[in-house]
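> Let me give you the structure first, and then I'll get to my questions.
The values are calculated or read from the model by the stated rules, or taken from the named source; none is laboratory data. Keep in mind that this is a model prediction, so the values were computed, not measured. Here Cβ is always computed from backbone atoms with ideal geometry, including for glycine, and neighbour counts include all displayed protein chains.
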Amino acid sequence: MELELRHLRVLCAIADAGSVGRAAVLLGASQPATSTQLRRIERHLGAPLFERTATGVAPTCFGVEVLAAARDLLTRADGLGRRPEEETGRPAREVRVAATNSPILPGLVTRARHQQPDLRFAVSTVYRSDDLIDLLERDDADAVLAVDYPGRELHHSPAVALRGIVTEPGFVALPAHHHLRHRTEVSLADLAEEAWFLSPEDGAGWHAVFYGACAAAGFTPVTVHEFLGGRLELQEMIAAGLGVAVVQATTRPLGEVVVKPLAGTPIWIRHLLAWRATGVSGEVVETMYGAATAAYRELVGVSPQFRAWASRTYRATRP
């Protein structure tokens with residue numbers, strides 16, 4: 001078979017719905033037909049793209065890469081024939097975007113502006129993800145970048161729509177002189193006696209996720225420093241040997257910090273784009289979503305520790 005745009009749309013629908021059955025409904029197809037099509041695509045690509053979870057399906061590491069490329073291709077295909085603002089004379093459109101301290105945001109805005117020069121973004125930063133959803137509910141924002149966790153998805157009314165951008169593993173940042181610095185992966189249980197830097201509750205269940213992972217590893221953290229600051233300040237504290245922290249997998253470590261995968265991947269974080277269902281056009285949503293996935297793919301491209309982890313995991317899932 002040859003991959004066509006319709007195949008890419010099926011993959012994106014499954015990822016967006018989090019379930020083959022729900023995707024089939026959205027596509028107007030039967031679940032068996034959608035499942036068969038997914039298997040054919042996976043056979044063509046040579047590896048599984050999704051794995052089963054307690055609530056449906058989630059992309060494999062290879063699936064994350066394929067979906068990012070698919071989003072980018074679909075965005076480009078949908079944009080064929082569009083002309084820039086200077087030729088169309090279309091007036092500027094403002095999009096009010098609120099976000100957590102997300103590394104995806106700069107790339108999203110830059111790419112979306114390039115693809116649609118008539119878009120103007122008014123950006124604000126909000127720490128808690130539930131507050132971001134509230135902004136949409138009150139019509140105080142048009143779109144937001146937020147996070148939640150598998151099994152602890154953010155609640156929202158039908159006025160709000162959302163798509164997961166990527167579900168990534170949580171890694172751990174250690175001081176460069178740490179005795180586990182040479183490990184390929186670090187067991188959470190081996191960090192039981194460490195002091196931890198923990199960001200405040202984020203409105204999506206972060207504390208429950210962190211403490212739950214520690215409990216599953218057989219310990220309760222002895223010392224926890226609540227830390228609300230930038231990524232640079234956090235790494236400076238870690239480099240000084242004052243503690244360790246769970247960080248995003250694409251974090252760029254400073255010279256005195258190392259970032260390692262957690263063995264068994266006990267923590268997963270979902271980055272998502274949410275918007276007012278009736279306040280943002282489908283064209284703008286697709287532009288922003290494609291820009292977000294491309295921005296994340298770029299972060300992966302400059303993250304050797306993430307690529308190494310994905311390569312090992314991907315080989316482990318090959319048939």
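> List every residue pair whose Cβ atoms sit under 7 Å apart, with the two residues 6 or more apart in sequence or on different chains, where the first one lies in region 104-131 and is outside the structural domain of Ala291 (by TED's automatic domain parsing) and the second, anywhere, is among the aromatic types (Phe, Trp, Tyr) and at pLDDT 90 or above.
Listed by first residue and then by second, the contacts come to nothing, as the list is empty.
> I'm trying to understand the selection: among the residues of region 238-256, which are on the phi < 0 side of the Ramachandran plot, surrounded by fewer than 20 Cβ atoms within 10 Å (Cβ to Cβ) and more than 21 Å from the chain's Cα centre (by Cα)?
Residues satisfying the conditions are Ala239, Ala240, Leu242, Leu254, Gly255, Glu256.
> Taking Val246 as the residue in question, decide whether it is β-branched (Val, Ile, Thr), under 25 Å from Gly63 (Cβ atoms) and touching a residue at least 60 places away in the same chain (Cβ under 8 Å).
Considered against the rule, which asks whether it is β-branched (Val, Ile, Thr), under 25 Å from Gly63 (Cβ atoms) and touching a residue at least 60 places away in the same chain (Cβ under 8 Å), Val246 comes out as yes.
> At least 1 residues that are among the basic types (Lys, Arg) and within 26 Å of Ala15 (Cβ to Cβ) in each: list the strands (runs of 3 or more DSSP E) lying fully within region 227-288 that qualify.
268-276
> Which one of these does Ala17 not meet: (1) within 19 Å of Ala68 (Cα to Cα); (2) at pLDDT 85 or above?
With respect to (1) within 19 Å of Ala68 (Cα to Cα); (2) at pLDDT 85 or above, Ala17 is out only on (2).
> If you don't mind, another one. Restricting the first residue to region 169-187 and requiring it to be closer than 22 Å to Leu299 by Cβ, which pairs with a second residue that is among the basic types (Lys, Arg) meet a Cβ separation below 7 Å and a spacing of at least six or different chains?
From residues that are closer than 22 Å to Leu299 by Cβ, the pairs are Phe171/Lys260; Val172/Lys260; Leu174/Arg181; Leu174/Lys260; Glu185/Lys260; Val186/Lys260.
> Scan region 195-220 residue by residue and report those that are surrounded by 17 or more Cβ atoms within 10 Å (Cβ to Cβ) and part of a loop (DSSP other than H, G, I, E, B).
Ser199, Asp202, Gly203, Ala204, Gly205, Ala217 - these are the residues of region 195-220 that are surrounded by 17 or more Cβ atoms within 10 Å (Cβ to Cβ) and part of a loop (DSSP other than H, G, I, E, B).
> Does region 111-129 hold any residues that are surrounded by fewer than 18 Cβ atoms within 10 Å (Cβ to Cβ) and under 18 Å from the mean Cα position of the chain (by Cα), and which are they?
Matches in region 111-129: Thr125, Tyr127, Arg128.
> A follow-up question, please. List the residue pairs whose Cβ atoms are under 6 Å apart, where the first residue sits in region 280-297 and is closer than 29 Å to Thr251 by Cβ and without any contact (Cβ under 8 Å) to a residue 12 or more places away in the chain, the second is aliphatic (A, V, I, L, M) and crowded, with 23+ Cβ neighbours inside 10 Å, and the two are 6 or more positions apart or on different chains.
Cβ pairs passing all conditions: none.
> Hey, among the residues in region 301-312 that are buried (at least 19 other Cβ atoms within 10 Å of the Cβ) and assigned to a helix (DSSP H, G or I), which one's modelled with the lowest pLDDT?
Ala310
> Out of (1) modelled with pLDDT of 90 or more; (2) closer than 13 Å to Leu5 by Cα, the odd one out for Ala98 is which?
Checking Ala98 against (1) modelled with pLDDT of 90 or more; (2) closer than 13 Å to Leu5 by Cα, the one that fails is (2).
> May I pose another question? Given the criteria farther than 26 Å from Arg307 by Cβ, over 21 Å from the mean Cα position of the chain (by Cα) and surrounded by fewer than 16 Cβ atoms within 10 Å (Cβ to Cβ), does Glu226 qualify?
Yes; evaluated as a whole, the condition is true for this residue.
> Still on this model: Given the structure, is Phe227 over 18 Å from Thr265 (Cα atoms) and of a type in the set (Phe, Trp, Tyr)?
In short, yes.
> For region 271-289, what are the residues that are surrounded by fewer than 21 Cβ atoms within 10 Å (Cβ to Cβ) and closer than 16 Å to Gly164 by Cβ?
Val285, Glu286 - these are the residues of region 271-289 that are surrounded by fewer than 21 Cβ atoms within 10 Å (Cβ to Cβ) and closer than 16 Å to Gly164 by Cβ.
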